[in-house]
Structure formats: structure tokens, C-alpha cells
Amino acid sequence: METFSLTAPVYSKLAYPSPDTGLLVYPPYNEQHDRLPDFSYAGYNHGLNDIPSDIPVAAFLQPNPDPSTDDTLRIQQLLDHISTLPLDPVTRLRGALQLSRGDFRVSGTINIYSSGVVLQGDPKGGTHVLVTVNPRQSTHLINLEGKPHELVAGTRAVIADDYVSVGSSQVRVTRPDLFCPGDRVIVIVNFNEAWIQKIEMHNIPSKGNTSENMRWKPGRFESFRIVRAVDPVTGSITLDVPLTLSISKQWGGGSVQKYTSRRLECVGVQNLAFELPFNKDRTPDDIMRNEGPTGKKDYRFAGEMFKNYLIRMEDVEDGWVRRVTSKWFRNFLRVQSGVVSTTIEDCHHLFPPPVKPPQRVPYFCGQSAYELGGQLVLLNRCHADHSMHSYVYMARITGPNVIHACTASNRMADAGPHMKWCE
């Protein structure tokens with residue numbers, strides 16, 4: 001007589017823990033040996049280490065009791081000073097600017113342009129930043145921005161494989177001699193007109209205008225990777241993170257090219273609560289009043305609904321935003337395409353209604369609370385309130401990106417992939 005255990009776990013055939021190591025196994029699921037992509041590499045330092053917890057405080061800033069004081073310049077000057085301090089070669093940190101408990105007032109963008117710099121509030125809470133920026137005139141309050149990467153001339157090698165499977169960590173190239181372990185590379189995946197026709201993305205009617213075709217055009221996807229090993233005999237390159245898409249000569253082929261990173265590393269924002277009181281009582285009519293002659297008649301699509309963010313990140317590696325709360329901002333975070341290996345954790349984007357609501361209350365606050373345009377980005381235990389798209393991936397993002405244990409309330413539309421293709 002056959003018996004069954006009611007407590008035995010049931011695992012998917014696509015991924016299951018190894019009985020020997022406990023690590024997930026990703027077996028091929030078709031004749032092309034495609035595998036479910038491994039998303040465990042997302043986040044700070046590829047998920048291999050925790051975000052630094054013991055960050056040396058390089059400067060403290062006390063709140064000014066005068067409510068008419070603007071603290072923007074004081075904060076920026078101290079961040080600029082910390083940027084001149086030596087970078088610890090082990091921790092990759094210079095130090096943190098810690099805003100003490102109390103209220104600070106900011107009227108302009110605060111920038112971090114150097115690696116190893118952290119902006120933080122008191123770890124026990126109680127640091128509030130009252131923002132007086134007009135959302136129509138400012139796209140973001142906190143800006144963490146490095147410089148764009150530079151391609152290394154003469155280092156592009158064509159991928160020799162007829163087909164590279166999804167989930168593969170290896171590709172064969174025509175010039176393996178161009179690469180060494182530790183090289184930063186871009187894996188380029190081309191897609192041609194034949195592929196666009198095959199997946200039927202050659203005919204996409206525009207919303208409200210069926211005569212306009214929003215069809216795809218031939219192009220490329222790019223994945224940032226690091227070379228771990230090179231086999232000069234087979235021409236095989238081993239990458240640090242499995243690829244999230246296949247590469248086929250039939251559909252355009254691909255190549256690998258070295259690049260030089262100029263990203264910021266080990267930068268973060270943490271333990272802060274931001275408020276934008278200017279927004280809390282504004283009606284749809286208020287929002288549209290200064291929209292100008294754009295032809296837009298719906299406040300949901302006004303410019304500030306797309307452009308106003310608390311935090312912007314671009315060209316950042318091993319960065320983080322954690323334990324940060326925004327109140328009455330249109331959107332919380334924009335992670336742009338040059339960001340890799342970054343964690344957003346325990347953040348809350350809120351838009352509580354006023355005590356005495358105006359006659360017409362906007363039923364949503366912004367278009368995209370958390371907008372992801374980078375690679376290897378982890379959103380963990382975050383929350384969004386009253387957004388059109390609470391969590392959204394932008395176009396041609398190869399990832400792998402992860403939204404884990406996140407919540408949303410009063411959302412108006414879908415959360416997840418956007419703009420036709422992403423991982």
C-alpha cells in the first residue's frame with residue numbers, strides 16, 4: 001500500500017532545493033536548455049553581504065530652532081566636505097552625515113556625487129525633513145548620481161554560439177583573448193525585424209488613435225556583468241550572474257564588450273522622514289492650473305505626476321535606501337538605467353488625506369511610486385499608497401530585479417512590468 005506524507009513540501013520542477021546543499025537548483029525546462037533565471041543576485045553586493053550597519057559618522061547636524069531657517073545649504077556643504085575625506089579601501093566608505101532628531105527644512109535638491117557618502121537621520125528615528133519645494137518646479141529632492149560608463153574601444157567580441165540559453169552564465173566569443181577575470185563587460189543582445197514579427201510586436205495601436213502604430217523597431221538589450229573566468233581553448237567566458245534572456249543568431253545574435261565603470265559605490269540614504277506639505281491640500285484644479293497649453297485635461301497625466309520624486313538614483317552600484325518615509329510626494333523613487341546591485345528596504349510612500357478634505361480630493365497622488373530602470377535591484381518590505389503604478393519596471397530592463405514582500409494600498413492600476421519588456 002502506497003503512503004503519502006501530508007507534511008512533505010511540494011516543489012516546482014523549475015526550481016527546487018538540492019537535497020545535498022539546500023541551494024536552489026534550476027534545471028533546464030526545454031530542448032534549448034533554458035532555465036528559470038536566478039533572481040537571488042539582486043540587491044546590495046549581489047545579495048552576498050548585508051548593507052553596512054556600522055557606518056562611521058563623519059559629521060552631525062543639529063536642527064535650527066528658527067522655523068524660517070532653510071537647511072539646504074548646510075546639509076549640502078557637509079556632504080561636500082565628507083566627499084573630500086579619504087575612502088576606506090575595505091569598507092568603501094568615507095562616512096555619514098547624520099541629521100539629529102528634530103525638524104529640518106529643505107527648499108532645493110541635495111546631491112551626492114562621491115562614493116562612500118551616506119545621508120542619514122537618527123537611527124532611533126525622529127529626524128524629519130520638511131520640504132518647501134514646489135513639485136511643479138523640481139523633479140527630485142535627493143539625487144545620488146555617478147557618471148555614465150565608458151566603453152573600452154577595440155574590445156567587442158561577437159558571441160559565437162548559435163544559441164545561448166536563458167539562465168546561462170557562459171557565452172562563447174570569437175576573441176576570448178580580449179578578456180580577463182574581473183573585467184566589467186556589457187553583454188549585448190540584438191533583436192532584428194524577424195524577431196519583432198515573430199513575437200507580433202510589429203503592430204501596436206496607440207491608445208485613442210488606432211491609426212498610429214507604436215510598433216517595436218530593431219534594437220538591443222544590454223546586461224552589465226563581470227567576467228569570472230576565461231577558457232582560451234573553448235572561447236568560453238563565465239559571468240558572475242546568469243543571463244535573463246536568450247541570445248540567438250537567428251534573431252540578431254549578440255556580443256560582449258568591456259567597459260569602465262564610473263558609478264558611485266556604497267552610497268545611501270536612511271532613517272529619514274520627508275514631508276511635502278505643499279501638496280496635501282491641492283485639488284485637481286490646482287494641479288492643472290499651471291499645466292500650460294499642453295492639451296491635457298486630466299490631472300492624472302499632468303507633468304508633475306510623472307516627474308516629482310523624493311529620490312533619484314543614477315549610475316550607482318552597491319547603493320541603498322532604507323527606513324525612509326515620504327509623505328505627500330507624488331512619487332517616491334526613480335532608479336535609472338545605470339544603477340546596479342542596489343537595495344531599497346523598509347521604505348513607505350504615503351499620501352494621507354487632509355483633516356478637512358477640499359471639495360475635490362485627488363484619488364491618487366502620482367504615476368509610479370517606485371520606478372525601476374536598473375539591474376540587480378531589490379525592493380524589500382516597502383509600501384506605496386494612492387499611486388497609479390505602485391511598483392513598475394521600465395522599458396528594456398534586463399534585470400534581474402526583485403520586488404519582495406512589498407505592499408500597496410489604494411492603487412489605481414497594475415504593478416509590475418511596464419513599457420512592453422523587462423525582467
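The values are calculated or read from the model by the stated rules, or taken from the named source; none is laboratory data. Small disclaimer: the values here were computed from a predicted structure and weren't measured. Neighbour counts run over all protein chains shown; Cβ positions are idealised from the backbone, glycine included.
Here the strands (runs of 3 or more DSSP E) wholly within the range 110-191 that include at least 2 residues being touching a strand residue (DSSP E or B) at 6+ places or on another chain (Cβ under 7 Å) and farther than 15 Å from residue 237 by Cβ are 110-112, 117-121, 127-131, 140-145, 184-191.
Among all positions in the range 190-207, there is at least one residue which is at pLDDT 95 or above and either buried (at least 18 other Cβ atoms within 10 Å of the Cβ) or of a type in the set (Val, Ile, Thr) (or both). Every condition in (1) surrounded by 19 or more Cβ atoms within 10 Å (Cβ to Cβ); (2) out of contact with any Lys or Arg (no Cβ under 9 Å at 6 or more places or on another chain); (3) at pLDDT below 85 holds for residue 375 except the one numbered (3).
Let's see how each residue does on (1) surrounded by fewer than 23 Cβ atoms within 10 Å (Cβ to Cβ); (2) outside any strand (DSSP E or B); (3) hydrophobic (A, V, I, L, M, F, W, C); (4) at pLDDT 75 or above:
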| residue | (1), (2), (3), (4) |
| --- | --- |
| 269 | no, no, yes, yes |
| 294 | yes, yes, no, no |
| 313 | no, no, yes, yes |
| 332 | no, no, yes, yes |
| 341 | no, no, no, yes |
| 344 | no, no, yes, yes |
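When residue 332 is tested against (1) within 24 Å of residue 124 (Cβ to Cβ); (2) in contact with a helix residue (DSSP H, G or I) (Cβ under 9 Å, 6 or more places away or on another chain), just one condition goes unmet, and that condition is (2).
Considered as a group, the residues in the range 49-97 that are of a type in the set (Val, Ile, Thr) and in a helix (DSSP H, G or I) include one that is surrounded by the most Cβ atoms within 10 Å (Cβ to Cβ), and that residue is 82. Just a yes or no: is a residue in the range 131-140 buried (at least 16 other Cβ atoms within 10 Å of the Cβ), within 29 Å of residue 222 (Cα to Cα) and either touching a helix residue (DSSP H, G or I) at 6+ places or on another chain (Cβ under 7 Å) or among the aliphatic types (A, V, I, L, M) (or both)? Yes: one or more hits. A residue that is touching a helix residue (DSSP H, G or I) at 6+ places or on another chain (Cβ under 9 Å) and aliphatic (A, V, I, L, M) occurs somewhere in the range 78-98.
Of all the strands (runs of 3 or more DSSP E) wholly in the range 380-420, which have at least 2 residues that are crowded, with 18+ Cβ neighbours inside 10 Å?
On the way: elements: 383-385, 387-393, 402-404, 407-409.
Output list reads 383-385, 387-393, 402-404.
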